[in-house]
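Student: Before I ask anything, here is the structure I am working with.
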Amino acid sequence: MRIEFDRDTCVGMFQCVAEWDAFEKNVDDGKADLRGAEEIEADVFSLEVPDDAELDAKFAARTCPVDAIRLYDDDGEQVI
């Protein structure tokens, strides 16, 4: 499973931070950061989700009020 985070879309509600510890508050920017992620295009970050963190990643994606987080299965199909 892979997660993509569109930081430009993020509005800093930090609900993802409460759901998964891979996200952290960046109070200087007023947005979340996805630790260890690779920037795949301008302000879009991607990270492979460890098997034991898939549920947390799903909760983080579902709680984002602006849909800045997307999850893809191993076949590349968007699941959230």
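The values are calculated or read from the model by the stated rules, or taken from the named source; none is laboratory data. Since the model is a prediction, treat every value here as computed from it, not as a measurement. As a convention, Cβ positions derive from the backbone with ideal geometry for all residues, glycine included, and neighbour counts pool all protein chains shown. Just so you know, the surface numbers come from the protein's heavy atoms only, side chains and all, with ligands and any DNA or RNA stripped out. Shrake-Rupley method; radii C 1.70, N 1.55, O 1.52, S 1.80 Å.
Student: Working from Cα positions, state the angle (0 to 90°, nearest 10) between the long axis of helix 54-63 and the longest principal axis of the chain.
Tutor: That works out to roughly 50 degrees.
Student: Using 16 Å as the cut-off for backbone N distance, which residues of the range 1-32 belong to the label zone defined by a point 7 Å from the Cα of Asp51 along Cα→Cβ?
Tutor: Only 1-2 fall inside the zone, counting backbone N under 16 Å.
Student: Please report, to one decimal in angstroms, the Kirkwood hydrodynamic radius of the range 11-53 built from all distinct Cα-Cα pairs.
Tutor: 11.1 Å
Student: May I ask you to give the percent of accessible area on the chain that is carbon plus sulfur, with a probe radius of 1.4 Å?
Tutor: The C+S portion of the solvent-accessible surface of the chain is 42 percent.
Student: Restricting to Cα pairs below 8 Å that are 6+ residues apart, what does the relative contact order work out to for the chain? Please round to a whole percent.
Tutor: Reported as a whole number, the value is 40 percent.
Student: Sticking with this structure for a sec: Based on Cβ point charges of +1 for Lys and Arg and -1 for Asp and Glu, what charge dipole magnitude is obtained for the chain about its Cα centre, in debye rounded to the nearest 20?
Tutor: Once rounded to the nearest 20, the dipole reads 400 debye.
Student: Across the range 17-26, in residue order, what do the Karplus-derived ³J(HN,Hα) couplings come to in whole Hz, using 6.51 cos²θ - 1.76 cosθ + 1.60 with θ = phi - 60° and x for Gly and Pro?
Tutor: With coefficients 6.51, -1.76 and 1.60, one gets 4, 6, 8, 8, 6, 6, 8, 9, 6, 10 Hz.
Student: Can you tell which of Met13, Ile69, Val44 lies farthest toward the positive end of the dipole of the chain, using +1 and -1 charges on the Cβ of basic and acidic side chains (Lys, Arg; Asp, Glu)?
Tutor: Met13
Student: Let me ask you something else. With a probe of 1.4 Å, find how much accessible area the range 1-59 has per residue, and write the answer as a whole number in Å².
Tutor: Ligands and nucleic acids excluded, the result is 59 Å² per residue.
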